[in-house]
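Presented below is the structure to which this report refers.
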Amino acid sequence: MAQPKPTPVLTVEDIDRLWANAAKPEDYASLRSHSVIQDGEPAQLPEDIVEFARQSADTLAGRRRRRRRGGRNRSKSSKKPSSNRPSFEWIEDTIDELMEALDVPHEVYEVASHTVILHVNDDDVAGYPPLPEGYGYKGGVARKAVARTLRLPISTAAVRDIDLLRAADTSADHDRELAEKYMTDDLIHGDAKVEAIVTPKDYFTTREVTVNQAWFLGSEIQITHLGLLDMIGGIVRVTQGHLNQNFGRVHPIVAFKILRFAAAMKAEGREPVIPPFRVNYRRRPHPFSFFLALQLSRAFEAGEVVASIYLDYARQWNLLEKAELEEDVTARDATDILKERLEDYHLEFPTGE
């Protein structure tokens, strides 16, 4: 049996060369920070549209929320569906009504059986990093592409991580060169992988957060029905797939990722909703504080404001004590403590912009 090839050891010269040739997200117009100003203030989605998206998302996810008073009472899709599982007709009507409220033209989207397909025009596609045919984006780039394609009146931060994937029938010939160019930091730390889509079902059910149930391939974005509703409603929700894999609980790394996503959204001027979840506290090879520290490091990449909000969320969810941090610790003090405690992990806490 053929033995796997050993991971190549990078020299200082190799690392310098990689960084010299690495793509910078700020070089691409569609990845930069995106601000929408209305009457001198950051624009926001209308409150009734946000509430409609939230109620529809919770219905689709099998949860019931108390209806808020005030706002427009949408007649057709806000009715509770007759069965426990909403029909495709109900989903299609709901998304059509939401798109109409957002003034999204019918030619921009179509509601498929499991996803909403968004068509990105050529001018917008040109604003993203160029990729060979069959390759595309996931993660932050895909989320930003949804907001830009729908022309949502919200502000979004610059994309810092370019995460790639490729279609099932696309060979891996360009994986290494693309990882070197777009996923440089991950490559240097031995964690760069261009994800291959085995099947759409496999891809979407293995995401951990619903707003990440999206991909952007060629000139087409696909996002699950719930992922789209949660994105518009500002809901940061763990997926049912992750809960199924973890016996109804949430892995610590996903729990802290949810809090970081919510912190980034709040820093952008929105009021995120985090549906309740239970953390799986079983013993693991890594200390619990590592999972908090990893997402704190990534929060700092977006700036100290995001890092501080992230730590506030961890405090609200009673996770600081579990990570052996004082309740009144600041984000900067936490970095000093965690860097010393976890020195073998070589974590970095950049200043951010």
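The values are calculated or read from the model by the stated rules, or taken from the named source; none is laboratory data. What you see is a predicted model; the values in this text were computed from it and never measured. Ideal geometry is used to build each Cβ from the backbone, glycine not excepted, and the neighbour counts take in all protein chains shown. Side chains included, ligands, DNA and RNA excluded: accessible areas come from the protein's heavy atoms. Shrake-Rupley method; radii C 1.70, N 1.55, O 1.52, S 1.80 Å.
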Exactly one condition in (1) under 21 Å from Ala142 (Cα atoms); (2) of a type outside the set (Gly, Ala, Ser); (3) touching a residue at least 24 places away in the same chain (Cβ under 8 Å) is not met by Lys24; state its number.
(3)
Residues being open to solvent by less than 30 Å² (accessible area, probe 1.4 Å) and touching a Pro at 6+ places or on another chain (Cβ under 7 Å) - total across region 266-279
1
Check region 163-172 and report whether any residue there is crowded, with 17+ Cβ neighbours inside 10 Å, at pLDDT below 90 and in a strand (DSSP E or B).
no
Unique residue being part of a helix (DSSP H, G or I) and closer than 23 Å to Leu228 by Cβ when the list is Gly136, Gly140:
Gly140
May I ask you to list the residues in region 183-223 that are over 12 Å from Lys138 (Cα atoms) and buried (at least 24 other Cβ atoms within 10 Å of the Cβ)?
Thr210
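Each row is one residue, and each column tells you yes or no for (1) part of a helix (DSSP H, G or I); (2) in contact (Cβ under 8 Å) with a residue 24 or more places away in the chain; (3) under 18 Å from the mean Cα position of the chain (by Cα); (4) surrounded by 21 or more Cβ atoms within 10 Å (Cβ to Cβ).
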position	(1), (2), (3), (4)
Gly241	yes, yes, yes, no
Asn244	yes, no, no, no
Val254	yes, yes, yes, yes
Lys257	yes, yes, yes, yes
Arg260	yes, yes, yes, yes
Could you check how many residues of region 105-133 are out of contact with any strand residue (DSSP E or B) (no Cβ under 7 Å at 6 or more places or on another chain) and part of a strand (DSSP E or B)?
1
From Ala2, Ala43, Ala29, Ala23, residue being in contact with a strand residue (DSSP E or B) (Cβ under 7 Å, 6 or more places away or on another chain), modelled with pLDDT under 95 and more than 28 Å from Thr205 (Cα to Cα)
Ala43
